[in-house]
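A short write-up of the structure that comes next.
The values are calculated or read from the model by the stated rules, or taken from the named source; none is laboratory data. In this text, all values refer to a predicted model and were calculated from it rather than measured experimentally. Methodologically, a virtual Cβ is constructed for each residue, glycine included, from the backbone with ideal geometry; neighbour enumeration extends over all protein chains shown.
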Amino acid sequence: MRFALLVAFALAWASPAAAQHAHGAKGPNGGQMEDVAGVHVELLTAGSTVTLNVFDEGSKPVSTTGFSASALVTAGSNRETLTLTPQGQNSLRGEAKSVALKGATISITLKAATGKSGQVRFKQ
């Protein structure tokens with residue numbers, strides 16, 4: 001009985017944290033949201049443009065000054081690597097030249113201004 005109560009308490013306590021970091025959750029602008037390199041990133045695509053919006057744990061915009069990122073876009077046997085450069089306050093942006101983004105897999109490599117780096121994959 002005591003063990004069951006302990007497990008129930010642990011699950012109840014962990015649920016809000018798990019919900020906050022749900023993979024594939026929708027971001028503030030409607031894009032897919034993932035955790036990478038100590039920040040939350042939201043992927044948006046429009047036409048041939050890949051935009052990555054960066055937020056902290058509290059969903060507040062994070063300045064992308066000092067950030068670097070690239071995106072590997074894979075659609076079937078076609079592949080293209082994009083350099084994402086800071087645009088505006090909390091965005092990184094790049095343009096695909098030859099690969100259609102619709103239905104593509106987009107792998108992001110991100111290095112934060114703090115030096116932390118990581119990778120994340122999005123399926124469009």
Practice item. Select from the range 105-124 the residues that are within 15 Å of Ala46 (Cα to Cα) and modelled with pLDDT under 95 and list them in ascending order. Key: Lys123, Gln124
Practice item. Output the residues belonging to the range 30-73 that are under 15 Å from Gly94 (Cα atoms) and not aliphatic (A, V, I, L, M). Key: Glu42, Thr45, Gly47, Ser48, Thr49, Thr51, Asn53, Thr64, Phe67, Ser68, Ser70
Practice item. Residue by residue through the range 36-94, note down the ones that are touching a residue at least 60 places away in the same chain (Cβ under 8 Å) and surrounded by fewer than 16 Cβ atoms within 10 Å (Cβ to Cβ). Key: Gly38
Point to revise | Failed condition for Lys26, given (1) touching a residue at least 12 places away in the same chain (Cβ under 8 Å); (2) under 12 Å from the mean Cα position of the chain (by Cα) | key: (1)
**Study point:** Top-ranked residue in the range 43-67 [being part of a strand (DSSP E or B) and farther than 21 Å from Val99 by Cβ; ranked as farthest from the chain's Cα centre (by Cα)]
**Key:** Pro61
Study note, to complete from the structure: Among strands (runs of 3 or more DSSP E) entirely inside the range 72-121, those with 3 or more residues being of a type in the set (Val, Ile, Thr) are 78-87, 105-111
**Study point:** Qualifying position, being over 14 Å from the mean Cα position of the chain (by Cα) and among the small types (Gly, Ala, Ser), among Gly38, Gly115
**Key:** Gly115
